[in-house]
Amino acid sequence: MSTKFMEADMRKVIIVLVNLILVFIFTQFVFAQDPVEAPLNPVFLQYLEDFSQGKIHTQTAGGQRTGYIPPTIDLSHLKGQQVSWPFSVQAFDASYDLRNENKLTAVRNQGAYGTCWAHASLASLESCLMPNETWDFSENNMVNKDGFDWGYDDGGNHIMSTAYLVRWLGPVNETDDPYPLPSTTPSSPSGLALKKHVQEVLFLPARSSYATDPTANDTIKQAVMTYGAVYTSIYTNDGSIDSYYNSTNHAYYYSGSAASDHTVAIVGWDDNYSSSNFVTAPAGNGAFIAKNSWGTAWGDAGYFYVSYYDSVIGESNAVFNNAESITNYYKIYQYDPLGWINSYGYGSTTGWFANIFTATGSESLKAVGFYTGALNSSYEIYIYQDGTSTTNPTDGSLVGTKTGTIAVTGYHTIVLDSPITLSSGQKFSIVVKLTTPGYNYPIPIEYPYYNSATGEWWSSAATANTGESFVSSNGSTWSDIASQSFASHIDDCNVCLKAYAGSNDTTAPAAITAVNDGTGTDIDTVNSRTTLSANWPASTDAESGIARYWYGIGTTAGDTDVVSWTDVGVSTYVTKAGLTLTDKTKYYFTLKVENGAGLLSAVTNSDGQTVALANNLSQVYSWPNPGNPKNGQAITISELPLDKTITIKIYNLAGELVRTLNDGEEIVAGIATWDGKNEGGEYVASGVYLYVVNSGDEQKVGKIAIVK
Ligand SMILES: [Ca+2]
Ligand SMILES: [Ca+2]
Ligand SMILES: [Ca+2]
Ligand SMILES: [Ca+2]
C-alpha cells in the first residue's frame, strides 16, 4: 500500500469522524434544545397552490356557495381512530335524527358568500346548547372578526371558528349582527354583547372507510347522540354536486379522491337508507342525515342524506359542545387569539410549554385551556407565582398542580381543584407537560404563517413578545419562542395556552349618573311607532371594571313591561327597533351596570319620551332595501300616518302599475307590506321599483330594490 493511498484513507476516516461529530452535535441541537415544527397540513399547502393557480372553485353547478379551506394543522394521524368516551356508551339505534329531539335550530342560508364553515360551526354550537337553550348566533360576526388574512368570501374552517370562539370574541346574537343580504358589503359592529364563553371544542378523528371498517361511523354517531350536530366536511364542488346528488331523494354519494371543499353538520343517520336512493348505488345501505346551509328550498327542507360509503364526509369533524355562561369566568389571559396554527415537538410524544402572565386585577385563577393533538392525551399542569425570571417560567413558588387525561382531540378547559388568588400586577405562569400518544408534536403554537411559494399570508395578525411563551423537552431547560433562530420562517410565536380567572371584587359598580332618551341630548318626544333609543355616560368600577350594561323599557319609570332586562355589552347606547308603540304614550328606559364580579349597580331611569307621531308622510320609508321577498322577507313600508285615507301603489321604472297595496283604507298599524308579487301573484323580476303613497293632500315616492 503506498503512502499516498494511506493518506487518502486517513482523510476518509477523518471526514467520516467529522461527519459523525456533526451529526451528533446536530441531533443534540435538534432533540435536546430546539423544538421541531410539525409538517403543515399537505392538503392545506395543496389548496394554497391550487388557489394561486386559480383552480379553486367555491360554487357548485347549481350556484350554491361552499367555502371550506383545509386547516394549517395536520390531524391526519388520527384518521380511523375511535374515541374511548369517558362515559358509558350504549348500542346505537338503526336510525337517529336530531330533528326529532328538539336539538336543531332553523336551517340557515349562506347565500352569496363562501361562509359554509361559520354556518356549520354555529349549527353545531346551537344544536349542542339545545334543548335547554335556543340561540341564533351571528355567522356574519364570526366571518368578519375571525382575524385571519383571507376575506369574507374566501372561506375558512373549524380551527378558525374555534380560535374566534375560544378567544371569547363570539358568539354574538344574529339580531345584533345579521347575515348580509346579497349586494351589501359585509361588515360587523364592534363592542357587541358576547353571549357565551366557549370552553371546549372536540375535533373528532377523520373517519376511516366504512367499506373496510364497520365501526367507522361510531365516534360521529356517539357525538351526535351525546352532544348534538357535528360539523363535518364533504366534497361538492367543480359542479359535481349535480352528478352525485339525487335531488328527488336528497341523496348524495361521492366516491372519488377529491379533497373536502364544503362543510355541513351531521344531525343523524339511517342504517337502512337504501343504496338505490343514490345516483350511483354504493356498496351498501346507510346514510348520515346532514344539515346544509343553502336555505330550506334546497334538499329536504335544507337537509340531505350522505351515504356511509361517501369517500369524503367525516374527514374534518368538530363538536362545539361546551358553551358556558359568560359569568363562568371574569377574565381570559391569552397570547394566541388566532389559535392553533401548528404544533411543536422534540421527537417525542411528550413536550412542555408555558406562558408567563401578569395579573391585571384582584382575581382568582380558576382554569387553564389548551389544545390536544391526540386521543387520550395526558397532562400535568403546574402554576407558579411571583417568579422574577423572564426566561424561566418555573421560577417562583409552585402554588398549584393538576393532572389528568383528555379523551378527545381539540380545545379543552381544565378547571383547577382550588382557585389561586392573584393580586393586580402579580406574575404567574402556567406550565403544562403534555403527552399526545402517537403524535410527536404535543405543543400547540400560534404564529403569523406566510406561504412564500404563493405569497399568501394566513395569520399575519399574530404577534408575540419575549418573556411570554416558552417550550421545553424536559421541563427544566426552556426556550423563549418569540423569536427563533432555529425556525427561520417562524417568529412572533406563542404557545396556545390560556388562563381563566374570576374576580375577587366585592363592591358593586357605580350606578349610571343619568340616562338620556334618544341618541344624543335627552329628548322628550319621539316620532316613531317602532323604535326607541337611549344613551348614557360610562360607569366605572375600579376593581373589576364594567362587564356589561343592562337596559329595559317600561311605561312607568323603572318598569320593564315593554322590553325586559337585556344585555347590551359595554355599549353606552342602545336603539331598540321592532317595537309596537302607542301614540301619546310615555316610555322610560331603565339601566343597570354589571361589573366583572357579576355585581349589579343600582338602577337609573330616563325621564321618558312620549310618542308623538307625525300626521303626514314625512317619516315614510321602506325596508329592507334592497329586499329579497322570494326568500321570505316582505318589503315593509313604515311610518304611515294614522287616521288618513291612504293609497299605496307599486310601479316599475317604465311607469307601469305593478301592484296596488292599499286603496283608500286606513292603515291601522302604520305599516303596509309588499310580498314582492304583482297583481297576478307572481314574484316580480329583480330591479328597482317605485312606491307611491298618497294621503289625499300629500304624495310621497320612494324606491325599492328587489334582488334574488
Ligand atoms: Ca345565525
Ligand atoms: Ca400571539
Ligand atoms: Ca367594585
Ligand atoms: Ca326624556
Candidate set from the stretch 81-98 (those that are surrounded by 15 or more Cβ atoms within 10 Å (Cβ to Cβ) and in a loop (DSSP other than H, G, I, E, B)); member that is farthest from ligand 3 (Cβ to nearest atom): Phe92
Identity of the residue in the stretch 571-628, assigned to a strand (DSSP E or B), within 16 Å of ligand 4 (Cβ to nearest atom) and aliphatic (A, V, I, L, M), that ends up surrounded by the fewest Cβ atoms within 10 Å (Cβ to Cβ): Val611
Yes/no for Glu200 being away from ligand 3 (no atom under 16 Å from the Cβ), free of Cβ contacts under 8 Å to residues at least 40 places away in the same chain and in the same structural domain as Thr232 (by TED's automatic domain parsing): no
Criterion: in contact with a Ser or Thr (Cβ under 8 Å, 6 or more places away or on another chain) and either within 30 Å of Phe87 (Cβ to Cβ) or within 16 Å of ligand 4 (Cβ to nearest atom) (or both) - qualifying residue of Ser364, Ser311, Ser343, Ser325: Ser364
Helices (runs of 4 or more DSSP H) within the stretch 99-186 that include 2 or more residues away from ligand 3 (no atom under 16 Å from the Cβ) and of a type in the set (Val, Ile, Thr): 158-166
Any strands (runs of 3 or more DSSP E) falling wholly within the stretch 463-544 and containing at least 1 residues that are of a type in the set (A, V, I, L, M) and under 23 Å from Ser348 (Cβ atoms): 469-472, 497-503
Given (1) under 31 Å from the mean Cα position of the chain (by Cα); (2) at pLDDT 95 or above, number of the condition Thr560 does not satisfy: (1)
Near pairs, Cβ below 8 angstrom, 6+ apart or cross-chain, from the stretch 322-345 (on the phi > 0 side of the Ramachandran plot) to any residue that is part of a loop (DSSP other than H, G, I, E, B) and more than 16 Å from ligand 3 (Cβ to nearest atom): Gly339/Arg167; Gly339/Cys496
Filter result (surrounded by fewer than 23 Cβ atoms within 10 Å (Cβ to Cβ) and either within 19 Å of the chain's Cα centre (by Cα) or away from ligand 2 (no atom under 16 Å from the Cβ) (or both)) within the stretch 346-363: Gly347, Ser348, Thr349, Thr350, Ala359, Thr360, Gly361, Ser362
Single residue of the stretch 137-151 satisfying the filter (crowded, with 20+ Cβ neighbours inside 10 Å and touching a helix residue (DSSP H, G or I) at 6+ places or on another chain (Cβ under 7 Å)) that is farthest from Tyr179 (Cα to Cα): Phe148
Given (1) surrounded by fewer than 19 Cβ atoms within 10 Å (Cβ to Cβ); (2) away from ligand 4 (no atom under 16 Å from the Cβ); (3) within 34 Å of the chain's Cα centre (by Cα), index of the condition Pro537 fails: (2)
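Run down Ala61, Ala8 and say which single residue is modelled with pLDDT under 95, among the small types (Gly, Ala, Ser) and in contact with a helix residue (DSSP H, G or I) (Cβ under 7 Å, 6 or more places away or on another chain).
Criteria check complete, one pass: Ala61.
Results for (1) under 15 Å from Ala265 (Cα atoms); (2) among the aromatic types (Phe, Trp, Tyr); (3) surrounded by fewer than 24 Cβ atoms within 10 Å (Cβ to Cβ), shown as yes or no for each residue.
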position: Ala163; (1), (2), (3): no, no, no
position: Leu181; (1), (2), (3): no, no, yes
position: Ala193; (1), (2), (3): no, no, yes
position: Lys196; (1), (2), (3): no, no, yes
position: Leu204; (1), (2), (3): yes, no, no
The stretch 497-534: number of residues that are within 12 Å of ligand 4 (Cβ to nearest atom) and not polar (S, T, N, Q): 11
Index of the failed condition, Glu101 passing every other in (1) among the acidic types (Asp, Glu); (2) under 28 Å from Thr454 (Cα atoms); (3) in contact with a strand residue (DSSP E or B) (Cβ under 9 Å, 6 or more places away or on another chain): (2)
Residue within the stretch 665-684 that is of a type in the set (Val, Ile, Thr) and not in a loop (DSSP other than H, G, I, E, B) present: yes
Among the candidates Ser485, Ser460, residue that is more than 30 Å from Tyr587 (Cα to Cα), without any contact (Cβ under 8 Å) to a residue 12 or more places away in the chain and of a type outside the set (Val, Ile, Thr): Ser485
Count of residues meeting criterion [surrounded by 15 or more Cβ atoms within 10 Å (Cβ to Cβ), assigned to a loop (DSSP other than H, G, I, E, B) and modelled with pLDDT of 95 or more] in the stretch 20-50: 3
Any chance Asn451 is under 31 Å from the mean Cα position of the chain (by Cα), more than 16 Å from ligand 3 (Cβ to nearest atom) and more than 30 Å from Ser325 (Cβ to Cβ): yes
Any hit, the stretch 57-66, residues being closer than 30 Å to Tyr441 by Cα and in contact (Cβ under 8 Å) with a residue 60 or more places away in the chain: no
From the options Ala499, Ala511, residue that is of a type outside the set (Val, Ile, Thr), outside the structural domain of Tyr449 (by TED's automatic domain parsing) and modelled with pLDDT of 95 or more: Ala511
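If I filter the stretch 119-136 down to residues being more than 11 Å from ligand 1 (Cβ to nearest atom) and within 24 Å of Gln64 (Cα to Cα), which single residue comes out as surrounded by the most Cβ atoms within 10 Å (Cβ to Cβ)?
Across the stretch 119-136, the extreme among qualifying residues is Ala120.
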Contacts under 9 angstrom Cβ, first residue in the stretch 374-403 being touching a residue at least 40 places away in the same chain (Cβ under 8 Å) and outside the structural domain of Ser476 (by TED's automatic domain parsing), partner of a type outside the set (D, E, K, R) and assigned to a strand (DSSP E or B), 6 or more apart: none
Lone qualifier among Ala482, Ala461 - being at pLDDT 95 or above, within 12 Å of ligand 2 (Cβ to nearest atom) and aliphatic (A, V, I, L, M): Ala461
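The values are calculated or read from the model by the stated rules, or taken from the named source; none is laboratory data. Quick caveat: nothing in here was measured; it's all calculated off a predicted structure. Every residue, glycine among them, receives a Cβ derived from its backbone with ideal geometry; neighbour counts consider all protein chains shown.
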